Amino acid sequence: MRVRARRRALWKHALLVTASLLMLYPLLWMLASAFKPEHLIFSDLSLWPAEWKWTNFSQGWNGLSASFTQFYLNSFLVAGLSVAGNLMACSLAAFAFARLEFPLKRLWFVLMLGTLMLPYHVTLIPQYVLFLKLDWVGTFLPLVVPKFLAVDAFFIFLMVQFFRGIPRELDEAAMMDGCGPWRIYWKILLPLSTPVLATAAIFSFIWAYDDFFGPLVYLNDVHRYTVPLALRTFVDDTGRSDWGPLFAMSVLSLVPLFAIFLFCQRFLIQGIAMSGLKR
Amino acid sequence: MTAAVSDSTIRLAPPARARRLRARIDTRLAGYLFLLPWLVGFFCLTLGPTLSSLYLSFTDFNLLQSPRWIGVQNYVRMFFADPRFWGAVKVTLVYVALSVPAKLLFALGVAMLLDKGIRGLTVYRALFYLPSLLGASVAIAVLWRQIFSADGVVNGVLALFGYTGPSWISTPSTAIYTLVLLSAWQFGSPMIIFLAGLRQIPQDLYEAASMDGASKWRQFRRITLPLLAPVIFFNVVLQTIDAFKAFTSAFIISGGTGGPIDSTLFYTLYLYEEGFGNFRMGYASAMAWVLLIAIAASTAAAFLTSKYWVFYEDDGKR
């Protein structure tokens, strides 16, 4: 019996290891190809470059009319501001929904939930026209300002759920001591909510860093390009002779996501398991 | 606690009562102050644009001239005179119908293998999840473009078995399947949701069933599936909505065209092309509304049919 159980476990592990290797093979192959010279990328299936070509990276980094230094700065600026905006605006709204009483609260809450279902294509064109009138097209503002207006309602919902789990006695005690809503929000709820704030921050960063559609629509000057947009230009501009540098830059573009994977996995897994956050 | 507070309200001296009233007005005002950023965003960036795109969908609008009212012409053209629209609908439906079940089957299968205290669970979970985290990025689409090209990795592997494969991404009949595969490859996040769901199923149910001699398959059919139904439902709805909205990978792999010969022209790609390539913004708005209605209808259908196959554990109590 024990032997059978062990053999079964062994089979299971063999299956899982094979499956995960198969799944990871494309990623590892891309990593290896980033270091290969051109003629090896297309003929060589191995995960260890037979020849190392480090210049893929320097060629790729400066392969477009602006350098990837600029693209990364742009990406991090957009992603950083998105994180800040989402955390501020969504936590303010969530606090109002979870803790304050005011007229029409239920109506606003239902409408907020309704926006979760709305595909962004529906607002796309009028928003574009609006941003065009404001003369914001071509800048980062259309990518960032909506975050400061809590348009990513999913985070509001997530935070409301979390705030509701914090005992109300804490606010009531603070209120007795003369704390207003602002201080309750700032001094009591926020410090107790670091897990949900971290989750929201991580997912906003990933979404903003990885976003392709927004930058595609709103950015038109190479010097303002974010990393995904730059990669796409790379694909268009280069013939197939440039796969080495292209893979080198592709691999580098995944580094921030991979770092999150390594260091914040707990939040990623929890965010997905508890609320179905996209990723 | 609340009772004590309301008791004392009666006995409050007038100045205190006035203060209390002011405090109440303050919290009402505070409520709106806290909600202000969201309210501005809701009216200016969500509700306003939604209504305005409904209006634009009945106009001819190219961004340069102001919108011209043309009634339902956009919709008429879409449904009766635009074969590319129907092509895009077909491509999208095929993609949804293939990628969602494929992804969820992988997710459920691997989750079942990982359940029940297998050693190294966290490592496996992380490895299977990784493609899901990275998969939506442009870099992975670039990779896919190479892997499935004429002299890419897939054909390299096939050549080992003496088979010469075509260029999968530039053959119209196969291009869409490379995208389905890319989506199925990202089964990690529904897998995590399934794992969380499986953990909720009490182990003693399985023990009791196997004591009674129920086979593994029977246990799966009679215990796992029914108890997991709400989670499956959740995943189906989530993934379906997502699949309708797929854009980036098709855009990169087809070089922004939806080609070869429109075989990967996803609905969103066509919408983008009409709106921002051809500047038919009225038409694109109409397409956006049709998409909204399609998503709303399929979600509603899922919820309506769910009562026949999704049973919640607390149903008995109601």
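Taking only pairs six or more apart or across chains, which ones have beta-carbon atoms under 6 Å, a first residue in the stretch A:1-30 that is under 17 Å from B:GLY109 (Cβ atoms), and a second residue that is among the hydroxyl-bearing types (Ser, Thr, Tyr)?
Matching pairs, first to second residue: A:LEU16/B:TYR124.
Looking only at the stretch A:220-228, decide whether some residue is closer than 25 Å to B:GLY152 by Cβ, in the same structural domain as A:ALA79 (by TED's automatic domain parsing) and assigned to a helix (DSSP H, G or I). Even if it seems obvious, please write down each step before you answer.
Residues of the stretch A:220-228 that are closer than 25 Å to B:GLY152 by Cβ, as a first pass: A:227-228.
Right, trim to in the same structural domain as A:ALA79 (by TED's automatic domain parsing) and you get A:227-228.
With assigned to a helix (DSSP H, G or I) added as a condition, the list becomes A:227-228.
For the stretch A:220-228, residues closer than 25 Å to B:GLY152 by Cβ, in the same structural domain as A:ALA79 (by TED's automatic domain parsing) and assigned to a helix (DSSP H, G or I): present.
Among the residues of the stretch A:174-215, write down those that are part of a helix (DSSP H, G or I) and among the small types (Gly, Ala, Ser).
Passing the criteria: A:ALA174, A:ALA198, A:ALA200, A:ALA201, A:SER204, A:ALA208, A:GLY214.
The rows are residues; the columns are (1) of a type in the set (Val, Ile, Thr); (2) at pLDDT 75 or above; (3) touching a helix residue (DSSP H, G or I) at 6+ places or on another chain (Cβ under 7 Å).
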{"site": "B:MET1", "(1), (2), (3)": "no, no, no"}
{"site": "B:SER8", "(1), (2), (3)": "no, no, no"}
{"site": "B:ARG17", "(1), (2), (3)": "no, no, no"}
{"site": "B:ALA23", "(1), (2), (3)": "no, no, no"}
{"site": "B:ASP26", "(1), (2), (3)": "no, no, no"}
{"site": "B:TYR32", "(1), (2), (3)": "no, yes, no"}
{"site": "B:PRO37", "(1), (2), (3)": "no, yes, yes"}
{"site": "B:SER53", "(1), (2), (3)": "no, yes, yes"}
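Here's the yes/no breakdown for (1) free of Cβ contacts under 8 Å to residues at least 12 places away in the same chain; (2) in a helix (DSSP H, G or I); (3) over 30 Å from B:LEU271 (Cβ atoms):
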{"residue": "A:VAL217", "(1), (2), (3)": "no, yes, no"}
{"residue": "A:GLY244", "(1), (2), (3)": "no, yes, yes"}
{"residue": "A:ALA259", "(1), (2), (3)": "yes, yes, yes"}
{"residue": "A:LEU262", "(1), (2), (3)": "yes, yes, yes"}
{"residue": "A:ARG266", "(1), (2), (3)": "yes, yes, yes"}
{"residue": "A:GLY271", "(1), (2), (3)": "no, yes, no"}
{"residue": "A:MET274", "(1), (2), (3)": "yes, yes, yes"}
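Of the conditions (1) in contact with a Lys or Arg (Cβ under 9 Å, 6 or more places away or on another chain); (2) among the aromatic types (Phe, Trp, Tyr); (3) assigned by TED's automatic domain parsing to the domain that holds A:THR226, A:TRP52 satisfies every one except a single condition; which number is it?
Looking at each condition in turn, A:TRP52 falls short on (3).
For the stretch B:146-159, what are the residues that are part of a helix (DSSP H, G or I) and either more than 7 Å from chain A (Cβ to nearest Cβ) or within 23 Å of the chain's Cα centre (by Cα) (or both)?
If the condition is that a residue be part of a helix (DSSP H, G or I) and either more than 7 Å from chain A (Cβ to nearest Cβ) or within 23 Å of the chain's Cα centre (by Cα) (or both), then B:VAL154, B:ASN155, B:LEU158, B:ALA159 are the ones that fit.
Take the residues in the stretch B:275-308 that are loosely packed, with under 14 Cβ neighbours inside 10 Å and β-branched (Val, Ile, Thr); name whichever of them is farthest from the other protein chains (Cβ to nearest Cβ).
Within the stretch B:275-308, the match that is farthest from the other protein chains (Cβ to nearest Cβ) is B:THR305.
Looking only at the stretch A:91-111, filter to residues that are in a loop (DSSP other than H, G, I, E, B) and of a type outside the set (A, V, I, L, M); which one of those is nearest to the other protein chains (Cβ to nearest Cβ)?
Only one residue fits best here, namely A:PHE102.
Taking the stretch A:127-152 only, how many residues are at the interface with chain B (Cβ under 7 Å from one of its Cβ atoms), surrounded by 23 or more Cβ atoms within 10 Å (Cβ to Cβ) and out of contact with any Cys (no Cβ under 7 Å at 6 or more places or on another chain)?
3
Output the number of residues of the stretch A:19-51 satisfying the condition of being of a type outside the set (Gly, Ala, Ser), away from chain B (no Cβ under 12 Å) and exposed (fewer than 12 other Cβ atoms within 10 Å of the Cβ).
2
Please pick out the residue among B:LEU108, B:LEU133, B:LEU113, B:LEU143 that is in the same structural domain as B:VAL237 (by TED's automatic domain parsing), out of contact with any Phe, Trp or Tyr (no Cβ under 8 Å at 6 or more places or on another chain) and assigned to a helix (DSSP H, G or I).
Result: B:LEU113 is the single residue among B:LEU108, B:LEU133, B:LEU113, B:LEU143 that is in the same structural domain as B:VAL237 (by TED's automatic domain parsing), out of contact with any Phe, Trp or Tyr (no Cβ under 8 Å at 6 or more places or on another chain) and assigned to a helix (DSSP H, G or I).
So which of B:ALA243, B:ALA209 is in contact (Cβ under 8 Å) with a residue 24 or more places away in the chain and not aromatic (Phe, Trp, Tyr)?
Being in contact (Cβ under 8 Å) with a residue 24 or more places away in the chain and not aromatic (Phe, Trp, Tyr) holds for just one of B:ALA243, B:ALA209, which is B:ALA243.
Checking the conditions here, which among A:ASN62, A:ASN86, A:ASN56 is under 30 Å from B:TRP38 (Cα atoms), more than 9 Å from every other protein chain (Cβ to nearest Cβ) and among the polar types (S, T, N, Q)?
After applying the criteria, what remains is A:ASN86.
Is it true that some residue in the stretch B:260-274 is in the same structural domain as B:SER99 (by TED's automatic domain parsing), surrounded by fewer than 20 Cβ atoms within 10 Å (Cβ to Cβ) and under 18 Å from A:VAL217 (Cα atoms)?
Yes - at least one qualifying residue is present in the stretch B:260-274.
Within the bounds of the stretch B:245-255, is there any residue that is under 16 Å from B:PRO83 (Cβ atoms), among the aliphatic types (A, V, I, L, M) and facing chain A (nearest Cβ under 8 Å)?
no
Among residues belonging to the stretch B:40-61 that are of a type in the set (A, V, I, L, M) and buried (at least 16 other Cβ atoms within 10 Å of the Cβ), point out the one that is farthest from A:ALA150 (Cα to Cα).
B:LEU56
Could you grab me the full set of residues in the stretch B:84-110 that are within 16 Å of B:GLU273 (Cα to Cα), of a type outside the set (Val, Ile, Thr) and touching a residue at least 40 places away in the same chain (Cβ under 8 Å)?
B:ARG84, B:PHE85, B:GLY87, B:ALA88 - these are the residues of the stretch B:84-110 that are within 16 Å of B:GLU273 (Cα to Cα), of a type outside the set (Val, Ile, Thr) and touching a residue at least 40 places away in the same chain (Cβ under 8 Å).
The values are calculated or read from the model by the stated rules, or taken from the named source; none is laboratory data. Source: prediction; values computed, not measured. Because the Cβ atoms are built from the backbone with ideal geometry, glycine has one as well, and the counts that use them run over all protein chains shown.
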